[in-house]
Amino acid sequence: MVSVAVTPVSVGLTRRAGSWRLTSALLLVLLATSFSLIGLIQGFGWWFLMLFVGSLILVAAAALRTLGVPRILVPLIEVAILTAILTVGFGRGTGFFGIIPTTATFERFGALGDLARTSIYAQGTPASPLVEFMFLIVLGTGVFSIILDTVAITFSRPGWAGLAIVPVLIVPAVLFTDGVSPIALAECAAAFLFLLRSDARKRHQGIPRLAAAFSIGAVSIVVALVISVTAPGFDRGGAASFSASGISIGGTVTPLIDLGRDLRRPAPVHVLSYTTTAPTPQYLKLTSLDQFTGTVWKHRERPMNRLPAADTIGSPAGLSKGVATKKFETTVRIDNMNSRWLPVPYPVTSVNGLNGTWAWDPADLTIGAVNTSTVGQNYKATSLMISPTATQLKNDSSVVPASLLADLFVPQDVPVIITQTALDATAGATSKYEKAVALQDYFREQNYQYSVDTPLEQGYGGDGMAVIATFLQVKSGYCVHFASAMAIMARTLGIPARVSIGYLPGASSPGAFGSSAVYNVTSDDLHAWPELYFAGVGWVPFEPTVGRGIIPSYTRPDSALTLPTNPSGSGTAPSTRPLVPVDPTTTSSTSGSGGKSVIQPVVAGLGGGLVVAALLLMPAFLRRWRRKTRLRQLRDEWGGAAIAWSELIDTARDFRWHVSDTETPRAFAARVGDILSDLNRLDALDRLLLAIERESFGPPGRFHARGVADDLELVLAGLQEQAGNIGRLRAVLVPVSLVPVAWLPSSETRVANA
């Protein structure tokens, strides 16, 4: 009988070389992908950190496989390595021995994640290298590297690695004005081709290299063409490119950035139309951005009240009965807008005709969708026209309600130009009202210019402190910059302030048959404006943006009190900067009495899930380890045929075959042979039977038949084919061969002829 000899050393080297070859290709993919992200963050320290973390994980995975660690275990060890890196780099000593994470460590990660989630797009590009960005870089790079390694090597599907590359490329496609660099895209494509080529050389050594290259190239070109015409931002329009579906605002944590992009559309898009019973057209407010993190304004998440049909919304905060008000109705038809916020004149008291479930925020009367959006909505809103006088606004007391302390928050490291400009602009003003009017007039009288292009061209797009500091120097920007600057400056002066976003009144056209005028609103009417709080009146809008909007009547000279002229060259101001409180929603309590972190139950659940999953998969890991150990022993030519026969019996038991201790090898082989249809596998079974019989019943002495490992794998493959998908899955997850036969019930399930 002829047996095929297999040299164990050569087999081991081939597998190891294949792993390192693919690892080298993955390192090239990591490098090429990193080039597409250059320019997102200032400097290059983050880029070297990204390459270091990704290379460390990929090389460590290859080394583990070289040392014989089962491939299925490698991703779990990679996750442990990444967790240790994050603990050392960002845990601030909260881990055991500085490397093993604890609950406090995951709370720290959650806090950094919240900061990164709200800041990633807010600063414009390039952004400052903040610690939360570094955390996000390390975490994202680690996850990206683990996915690449798991897909390409653990599951031997390198072609699917492209699904991990595309989301990374979408980041610069969305954030960069010019989209993804063609050079970076070409580098990623070349690296992906090299990865596919490396895998092709490993798998199909008999295929001519030229033919394999052409086939891989053709497939990649088709994939690239599909991506280029379907994925957002992959054309040269980048972030300035928009779909034909119209306005989409409020879908991210940076609505002011969304607003700026829509204002830069090449051509305006019709959004909505409305009629109103108000004597003058009104702003349509979407929401209030009342939480400032230092890098972005966002809407503070609070519990909201459901809005049933014809329900009345609560009264605006701080409004007293002495302020003149008048109700009016506005009928709105949404034509081309997708938002979770509803555009209505502020303050709204009721809304009728909405489809879907909606809710309203008692703090700012924002109306938000629960299970729908603004697409195709037609509704009627009843609102109040509030007409305060200058005297009523001036009578604001200096005491700020506790509920509004968060609306005074500014970070401790406010640029000097912001605080000093606020003091200079309001020099001589004594009341909050006078300071507010002085701030509005400052922007309109100090040669500021309205431009949606200058911030983008000079690299200060966004609404964070650094952006506003640059805006105050350049004196050119659009409504986002004017509104953000005035709101931040008002807070430094002790006036609660927030930024509102929505639409200007739009252009009117005559109604049919003498009906009310119809106002048409386009994307060019998107707007942001500051609102400042005054006791007895509530939140009052101001209009600092040059050349846009309507200056409120209560800030005009005929209704406002005469303000002192700002002295030129004044080195001191009559008032000092007030002490501003810390935003309770953005700082964590240092005492043990604070509430539990939102991330804590998530981390606890995730940790518990991982423990349960590890326990459930432990039998599969042990069974796989036993089989690999036996095959290695057989290939090392010191393991006898008994090892191969034990593996064959254990596999049969895993497939729920009944194997009796009294059954002879020949009887068992006959049962196995009945289900093997392939002649090569039948021959392999015969050679295994001959080897075990010679070893068991032959003359004393060591006997070894070459090729036993290969014969065993052929027979095992035949058993797996006959077991079916469910049988194979059950054998992997619940390998009964790990349990001694004596411990099992006497009635084992038989799926083959006993």
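The values are calculated or read from the model by the stated rules, or taken from the named source; none is laboratory data. This one's a predicted model, so the numbers in the text were calculated from it and none came from an experiment. Methodologically, a virtual Cβ is constructed for each residue, glycine included, from the backbone with ideal geometry; neighbour enumeration extends over all protein chains shown.
For V410, state whether it is part of a loop (DSSP other than H, G, I, E, B), of a type in the set (A, V, I, L, M, F, W, C), in contact with a Lys or Arg (Cβ under 6 Å, 6 or more places away or on another chain) and within 17 Å of E531 (Cα to Cα).
yes
Answer yes or no: is there a residue in segment 406-416 that is surrounded by fewer than 16 Cβ atoms within 10 Å (Cβ to Cβ), within 19 Å of S484 (Cβ to Cβ) and touching a strand residue (DSSP E or B) at 6+ places or on another chain (Cβ under 6 Å).
no
Quick one: which of A620, A644 is under 16 Å from V736 (Cα atoms) and small (G, A, S)?
Exactly one of A620, A644 is under 16 Å from V736 (Cα atoms) and small (G, A, S), namely A620.
Considering each residue of segment 369-405, count those that are in the same structural domain as P308 (by TED's automatic domain parsing), over 23 Å from A324 (Cα atoms) and either hydrophobic (A, V, I, L, M, F, W, C) or outside any strand (DSSP E or B) (or both), and give that number.
Here the count works out to 9.
All but one of (1) closer than 30 Å to R635 by Cβ; (2) at pLDDT 80 or above hold for V11; which doesn't?
Evaluating V11 over (1) closer than 30 Å to R635 by Cβ; (2) at pLDDT 80 or above leaves (2) as the failure.
Could you go through segment 489-504 and let me know if any residue there is in contact with a helix residue (DSSP H, G or I) (Cβ under 9 Å, 6 or more places away or on another chain), in a loop (DSSP other than H, G, I, E, B), more than 16 Å from A422 (Cβ to Cβ) and at pLDDT 90 or above.
yes
What number of residues in segment 634-661 are closer than 14 Å to A691 by Cβ and either assigned to a helix (DSSP H, G or I) or touching a Pro at 6+ places or on another chain (Cβ under 8 Å) (or both)?
10
Within segment 281-317, work out how many residues are within 19 Å of A381 (Cβ to Cβ) and without any contact (Cβ under 8 Å) to a residue 12 or more places away in the chain.
1
Of all residues in segment 14-33 being over 13 Å from L196 (Cα atoms) and modelled with pLDDT under 80, which is surrounded by the most Cβ atoms within 10 Å (Cβ to Cβ)?
S19
For the structure I just gave you, tell me whether L64 is at pLDDT 80 or above, crowded, with 19+ Cβ neighbours inside 10 Å, under 30 Å from S19 (Cβ atoms) and assigned by TED's automatic domain parsing to the domain that holds G39.
no
Of I137, I153, which residue is at pLDDT 80 or above, within 17 Å of the chain's Cα centre (by Cα) and not in a loop (DSSP other than H, G, I, E, B)?
The conditions single out I137.
Just checking, which of S145, S220 is at pLDDT below 60 and surrounded by 17 or more Cβ atoms within 10 Å (Cβ to Cβ)?
Just one listed residue meets the conditions, S220.
Among residues belonging to segment 36-57 that are of a type in the set (F, W, Y) and surrounded by fewer than 16 Cβ atoms within 10 Å (Cβ to Cβ), point out the one that is farthest from L456 (Cα to Cα).
Within segment 36-57, the match that is farthest from L456 (Cα to Cα) is F52.
Would it be correct to say that L112 is more than 27 Å from A63 (Cβ to Cβ), modelled with pLDDT of 80 or more and part of a helix (DSSP H, G or I)?
yes
Need the failing condition index for S484 against (1) within 20 Å of L286 (Cβ to Cβ); (2) of a type in the set (G, A, S); (3) not in a helix (DSSP H, G or I), just the number.
Result: S484 fails condition (3) only.
Please find, among T382, T366, T372, the residue that is among the hydroxyl-bearing types (S, T, Y), under 26 Å from the mean Cα position of the chain (by Cα) and buried (at least 18 other Cβ atoms within 10 Å of the Cβ).
Sole residue among the options that is among the hydroxyl-bearing types (S, T, Y), under 26 Å from the mean Cα position of the chain (by Cα) and buried (at least 18 other Cβ atoms within 10 Å of the Cβ): T366.
Which is surrounded by fewer than 17 Cβ atoms within 10 Å (Cβ to Cβ) and among the aromatic types (F, W, Y), of Y460, Y433, Y450?
Y450
Can you report the number of residues in segment 82-99 which are out of contact with any Gly (no Cβ under 8 Å at 6 or more places or on another chain) and surrounded by 15 or more Cβ atoms within 10 Å (Cβ to Cβ)?
Number satisfying all stated conditions: 5.
If the requirement is being closer than 18 Å to V499 by Cα and not polar (S, T, N, Q), which of these qualifies: G353, G368?
From the options G353, G368, the qualifying one is G368.
Tell me the residue from L606, L617 that is assigned by TED's automatic domain parsing to the domain that holds E721, at pLDDT below 80, farther than 19 Å from L719 by Cα and not in a loop (DSSP other than H, G, I, E, B), please.
After applying the criteria, what remains is L617.
Matching residues to (1) part of a loop (DSSP other than H, G, I, E, B); (2) at pLDDT 85 or above:
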site: S677; (1), (2): yes, no
site: R702; (1), (2): yes, no
site: L716; (1), (2): no, yes
site: Q722; (1), (2): no, no
site: G727; (1), (2): no, no
site: V751; (1), (2): yes, no
site: A754; (1), (2): yes, no
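Being touching a residue at least 60 places away in the same chain (Cβ under 8 Å), in a loop (DSSP other than H, G, I, E, B) and crowded, with 16+ Cβ neighbours inside 10 Å, is that true of even one residue in segment 318-329?
Scanning segment 318-329, I find at least one residue that is touching a residue at least 60 places away in the same chain (Cβ under 8 Å), in a loop (DSSP other than H, G, I, E, B) and crowded, with 16+ Cβ neighbours inside 10 Å, so the answer is yes.
Could you tell me which of the residues T389, T312 is surrounded by fewer than 18 Cβ atoms within 10 Å (Cβ to Cβ) and at pLDDT 85 or above?
The conditions single out T389.
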